[in-house]
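Only one structure is covered here, and it is reproduced in the block below.
Every read-out reported here was derived from the displayed coordinates using simple, explicitly stated rules and does not represent laboratory data. It should be emphasised that the depicted structure is a prediction, and the values quoted were computed from it without experimental measurement. Cβ atoms come from the backbone with ideal geometry, glycine included; neighbour counts cover every protein chain shown.
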Amino acid sequence: MSVKIWSYKNFLIHEFELLSSTNSYAFELADLRKILDCEVILAHSQDAGKGRQGRSWSSPKGNLYFSLVLRPKISPAKISQISLLAIVALRNAIANLFTRHDPLRLKWPNDLLIEQKKCAGLLLESKLNGNEIEFLVIGIGLNIDSNPENTIFPSTNLKNFGITISPEETLKKILDEFQKSYQNYLDFGFAGVRKSWLNHAYGYLEKITVSFGKERISGIFINLDEDGNLLLQLDEGKVIKVSAADVS
Ligand code: BTN
């Protein structure tokens with residue numbers, strides 16, 4: 001397993017041709033303290049890429065697969081704020097590649113859509129020590145060159161929109177945005193992230209359906225709370241908090 005190590009701004013990148021999963025490998029190295037804060041595991045392909053809710057993530061060469069390790073000194077209750085921040089940073093990094101209009105939307109909790117089709121997802125894993133975060137692994141998969149067929153939610157890739165960019169260049173753009181937003185978050189808190197997230201949200205103030213396994217509930221998506229939960233207003237007016245589900 002040969003690795004190329006390079007740095008970009010505050011980040012140290014460990015680049016591999018093939019890994020099982022950048023998240024699994026980053027978790028293993030972070031746990032052994034072989035990687036510290038702001039280190040990235042990048043792979044050109046994965047043969048056991050992981051998605052949310054135990055799903056797999058198709059990972060052929062040509063797309064971007066990376067995991068960023070952070071050791072933030074914040075409460076574990078704020079972990080979902082960091083994942084919302086990371087998906088907003090990804091959105092902002094990609095947005096200026098679209099020259100004519102901005103077709104990008106964020107689908108709760110952590111998907112990036114282009115014209116209502118998924119082009120990226122984020123899987124955050126963490127290790128806690130009592131009420132402290134030992135480390136976070138923020139894994140992002142972005143379809144640049146191809147996307148899987150027959151997914152539950154339709155998917156797409158950047159090439160379909162005439163965009164050609166390498167995974168490495170895209171990673172640098174994402175890290176630029178992440179660094180700015182993360183510093184802003186550490187200095188000023190979650191309000192700016194929530195605002196940017198809601199400004200680009202798919203289904204915000206509209207009727208959406210959320211599913212938890214076989215159960216489905218419909219309501220108006222009225223807000224995101226401080227912990228990144230989705231607030232759904234049901235037909236009878238009651239507001240429920242959704243912390244883990246799929247939105248359709
Ligand atoms: C989702 O289900 O939407 C989340 C997908 C996350 C995929 C990325 S690819 C890089 C990192 N390594 C993994 O095994 N998964 C994440």
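Computed over Cα pairs, the Kirkwood radius of segment 1-67 leads via Stokes-Einstein (0.890 mPa s, 25 °C) to a diffusion coefficient of 201 µm² per second. Here the dipole of segment 43-173 is about 240 debye; that uses its Cα centre as origin and unit charges on the Cβ of Lys and Arg (positive) and Asp and Glu (negative). Hey, in the GNM for the chain with a 10 angstrom Cα cutoff, which one of S56, S24, S45 fluctuates hardest? Result for the chain, Cα springs under 10 Å: S56 fluctuates most. Just from its helices, what would the mean residue ellipticity at 222 nm be for the chain, if runs of 4 or more DSSP H residues each count -39500 (n - 2.57) and the sum is divided by every residue, rounded to the nearest 500 deg cm²/dmol? Taken over the chain, the calculation gives -7500 deg cm²/dmol. Note that the chain, at 37 °C in a medium of 0.692 mPa s, gets a Stokes-Einstein diffusion coefficient of 178 µm²/s from its Kirkwood radius over C-alpha pairs. Take every pair of alpha-carbon atoms less than 8 Å apart whose residues are at least six positions apart; their mean separation over the length of segment 1-129 yields a relative contact order of 18 percent. Taking the Cα centre of segment 55-126 as origin and assigning +1 to Lys and Arg Cβ atoms and -1 to Asp and Glu Cβ atoms, the resulting dipole is close to 60 debye.
Within the listed set G54, G192, G62, the residue fluctuating most in the Gaussian network model of the chain (springs between alpha-carbon atoms under 10 angstrom) is G54.
The simple spin-label model puts a point 7 Å past each Cα toward its Cβ; for Q183 and R100 those points are separated by 3.6 nm. Neighbours of F161 by Cβ distance under 15 Å: Lys/Arg scored +1, Asp/Glu scored -1, total +3. When the chain is treated as a Gaussian network with alpha carbon springs shorter than 10 Å, the biggest mean-square fluctuation among V40, V193, V210 belongs to V210.
Placing +1 on each Lys and Arg Cβ and -1 on each Asp and Glu Cβ, with no other charges, gives segment 151-222 a dipole about its Cα centre of roughly 240 debye.
Lysine pairs in segment 13-106 whose alpha-carbon atoms fall under 24 angstrom of each other, counting only those eight or more residues apart or on distinct chains, come to 4.
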